[in-house]
Amino acid sequence: MFKLSEIKELIKLVDESSVQELEIENEGSRLSIRKPGKTEFVQAAPMQPQVIAAPQVQPAAAVVSESAPQADTTSHLHKIVSPMVGTFYRASSPEAGSFVSVGDKVVEKTTVCIIEAMKLMNELDADIKGEIVEVLVENGQLVEYGQPLFLVKPE
(Lines give C-alpha, C1' and ligand atoms only; values in the text may rest on other atoms or scores of the structure.)
Protein backbone atom coordinates (compact mmCIF):
# COMPACT_ATOMS: atom_id res chain seq x y z
CA MET A 1 0.00 0.00 0.00
CA PHE A 2 1.22 3.49 -0.75
CA LYS A 3 1.57 6.04 2.05
CA LEU A 4 -0.26 9.33 1.65
CA SER A 5 3.04 11.23 1.89
CA GLU A 6 4.47 9.13 -0.97
CA ILE A 7 1.42 9.82 -3.14
CA LYS A 8 1.61 13.56 -2.44
CA GLU A 9 5.32 13.61 -3.35
CA LEU A 10 4.68 11.71 -6.60
CA ILE A 11 1.86 14.10 -7.54
CA LYS A 12 4.17 17.04 -6.91
CA LEU A 13 6.94 15.49 -9.05
CA VAL A 14 4.54 14.77 -11.94
CA ASP A 15 3.02 18.26 -11.69
CA GLU A 16 6.45 19.92 -11.86
CA SER A 17 7.66 17.81 -14.79
CA SER A 18 6.68 17.29 -18.40
CA VAL A 19 5.51 13.75 -17.60
CA GLN A 20 1.81 13.36 -18.46
CA GLU A 21 1.23 9.96 -16.87
CA LEU A 22 2.87 7.83 -14.18
CA GLU A 23 1.91 4.30 -13.22
CA ILE A 24 3.59 2.39 -10.38
CA GLU A 25 2.97 -1.11 -9.04
CA ASN A 26 4.26 -1.97 -5.57
CA GLU A 27 3.45 -4.82 -3.18
CA GLY A 28 0.02 -5.62 -4.57
CA SER A 29 -1.07 -2.01 -5.11
CA ARG A 30 -1.18 0.07 -8.25
CA LEU A 31 -0.96 3.86 -8.38
CA SER A 32 -1.81 5.75 -11.54
CA ILE A 33 -1.35 9.52 -11.87
CA ARG A 34 -2.41 11.22 -15.09
CA LYS A 35 -2.09 14.87 -16.01
CA PRO A 36 -4.61 15.58 -18.81
CA GLY A 37 -4.33 19.33 -19.40
CA LYS A 38 -4.09 21.02 -16.01
CA THR A 39 -6.13 18.58 -13.93
CA GLU A 40 -4.85 15.57 -12.04
CA PHE A 41 -6.30 12.13 -11.65
CA VAL A 42 -5.05 9.84 -8.91
CA GLN A 43 -6.16 6.27 -8.45
CA ALA A 44 -4.86 3.77 -5.92
CA ALA A 45 -6.41 0.31 -6.00
CA PRO A 46 -5.43 -3.23 -5.01
CA MET A 47 -3.85 -5.17 -7.85
CA GLN A 48 -5.01 -8.46 -9.26
CA PRO A 49 -1.91 -9.68 -11.16
CA GLN A 50 -3.69 -12.53 -12.94
CA VAL A 51 -6.25 -10.19 -14.48
CA ILE A 52 -3.60 -7.67 -15.56
CA ALA A 53 -1.05 -10.14 -16.92
CA ALA A 54 -3.34 -12.29 -19.06
CA PRO A 55 -4.46 -9.65 -21.58
CA GLN A 56 -0.88 -8.48 -22.17
CA VAL A 57 0.48 -11.94 -22.95
CA GLN A 58 -2.25 -13.64 -25.00
CA PRO A 59 -3.02 -11.07 -27.74
CA ALA A 60 0.64 -10.42 -28.54
CA ALA A 61 1.40 -14.11 -29.13
CA ALA A 62 -1.69 -14.54 -31.29
CA VAL A 63 -0.91 -11.52 -33.47
CA VAL A 64 2.78 -12.21 -33.93
CA SER A 65 2.79 -15.83 -34.94
CA GLU A 66 -0.01 -16.88 -37.23
CA SER A 67 1.34 -20.42 -37.40
CA ALA A 68 1.79 -20.75 -33.63
CA PRO A 69 1.08 -24.27 -32.40
CA GLN A 70 -2.11 -24.78 -30.44
CA ALA A 71 -1.92 -24.79 -26.62
CA ASP A 72 -2.30 -28.60 -26.55
CA THR A 73 0.88 -29.11 -28.59
CA THR A 74 2.94 -26.52 -26.69
CA SER A 75 2.15 -27.63 -23.14
CA HIS A 76 5.43 -29.57 -22.94
CA LEU A 77 7.47 -26.63 -24.28
CA HIS A 78 9.18 -24.03 -22.11
CA LYS A 79 8.52 -20.35 -22.83
CA ILE A 80 11.31 -17.80 -22.57
CA VAL A 81 9.44 -14.60 -21.70
CA SER A 82 10.33 -10.93 -21.80
CA PRO A 83 11.43 -9.60 -18.41
CA MET A 84 10.43 -6.04 -19.39
CA VAL A 85 8.67 -3.82 -21.87
CA GLY A 86 10.94 -2.87 -24.76
CA THR A 87 12.02 -3.55 -28.33
CA PHE A 88 13.04 -7.11 -29.26
CA TYR A 89 16.22 -7.65 -31.30
CA ARG A 90 17.43 -11.05 -32.50
CA ALA A 91 21.02 -9.84 -33.07
CA SER A 92 23.52 -7.44 -31.51
CA SER A 93 23.49 -5.24 -34.65
CA PRO A 94 21.68 -5.12 -38.01
CA GLU A 95 24.71 -6.67 -39.75
CA ALA A 96 25.24 -9.46 -37.19
CA GLY A 97 23.61 -12.88 -37.32
CA SER A 98 20.81 -13.86 -34.95
CA PHE A 99 21.81 -14.99 -31.47
CA VAL A 100 19.66 -18.13 -31.93
CA SER A 101 17.44 -19.64 -34.61
CA VAL A 102 14.93 -22.47 -34.75
CA GLY A 103 16.78 -25.76 -34.21
CA ASP A 104 19.64 -24.22 -32.18
CA LYS A 105 20.60 -25.85 -28.90
CA VAL A 106 20.76 -23.54 -25.87
CA VAL A 107 21.92 -23.91 -22.30
CA GLU A 108 21.33 -21.73 -19.28
CA LYS A 109 23.11 -18.40 -19.86
CA THR A 110 23.04 -18.63 -23.68
CA THR A 111 22.14 -15.16 -24.95
CA VAL A 112 18.97 -15.49 -27.06
CA CYS A 113 18.10 -11.85 -27.80
CA ILE A 114 18.36 -8.21 -26.71
CA ILE A 115 15.52 -6.16 -25.25
CA GLU A 116 16.07 -2.42 -25.65
CA ALA A 117 14.40 -0.37 -22.93
CA MET A 118 14.99 3.34 -22.45
CA LYS A 119 18.05 3.29 -24.75
CA LEU A 120 19.63 0.47 -22.72
CA MET A 121 20.41 -2.84 -24.41
CA ASN A 122 19.56 -5.74 -22.09
CA GLU A 123 20.78 -9.20 -23.11
CA LEU A 124 18.29 -11.96 -22.34
CA ASP A 125 19.72 -15.38 -21.55
CA ALA A 126 18.02 -18.75 -21.89
CA ASP A 127 16.90 -20.06 -18.53
CA ILE A 128 16.76 -23.70 -19.58
CA LYS A 129 18.76 -26.28 -21.53
CA GLY A 130 17.05 -27.35 -24.73
CA GLU A 131 16.32 -26.68 -28.41
CA ILE A 132 14.68 -23.54 -29.85
CA VAL A 133 11.43 -24.73 -31.45
CA GLU A 134 9.87 -21.38 -32.40
CA VAL A 135 10.62 -17.65 -32.32
CA LEU A 136 7.32 -15.97 -31.43
CA VAL A 137 8.16 -12.32 -32.22
CA GLU A 138 9.63 -10.37 -35.10
CA ASN A 139 12.91 -8.46 -35.01
CA GLY A 140 12.32 -4.84 -33.97
CA GLN A 141 8.91 -5.58 -32.48
CA LEU A 142 7.72 -3.95 -29.25
CA VAL A 143 7.22 -6.59 -26.54
CA GLU A 144 5.40 -6.53 -23.21
CA TYR A 145 6.47 -7.74 -19.78
CA GLY A 146 5.84 -11.49 -19.54
CA GLN A 147 5.25 -11.92 -23.28
CA PRO A 148 6.55 -15.26 -24.62
CA LEU A 149 9.46 -14.74 -27.02
CA PHE A 150 10.73 -18.27 -27.70
CA LEU A 151 9.46 -21.81 -27.31
CA VAL A 152 12.12 -24.28 -26.15
CA LYS A 153 11.94 -28.07 -26.08
CA PRO A 154 13.62 -28.96 -22.76
CA GLU A 155 16.32 -31.61 -22.67
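Overview of values
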read-out	value
Tally of residues being under 21 Å from Tyr145 (Cα atoms), at pLDDT 70 or above and touching a strand residue (DSSP E or B) at 6+ places or on another chain (Cβ under 7 Å) across the stretch 1-46	10
Conditions (1) of a type in the set (A, V, I, L, M, F, W, C); (2) open to solvent by 60 Å² or more (accessible area, probe 1.4 Å); (3) touching a helix residue (DSSP H, G or I) at 6+ places or on another chain (Cβ under 6 Å): number failed by Leu120	(3)
Residue list for the stretch 95-125, restricted to those being among the small types (Gly, Ala, Ser) and within 14 Å of Leu151 (Cα to Cα)	Ser101, Gly103
Top-ranked residue in the stretch 98-120 [being without any contact (Cβ under 8 Å) to a residue 24 or more places away in the chain, β-branched (Val, Ile, Thr) and not in a strand (DSSP E or B); ranked as nearest to Gly86 (Cα to Cα)]	Thr110
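The values are calculated or read from the model by the stated rules, or taken from the named source; none is laboratory data. The structure displayed is predicted, hence computed values, not measured ones. Methodologically, a virtual Cβ is constructed for each residue, glycine included, from the backbone with ideal geometry; neighbour enumeration extends over all protein chains shown. The protein model used for the area step is the full one, side chains on, heavy atoms only, and it has no ligands, DNA or RNA in it. Shrake-Rupley method; radii C 1.70, N 1.55, O 1.52, S 1.80 Å.
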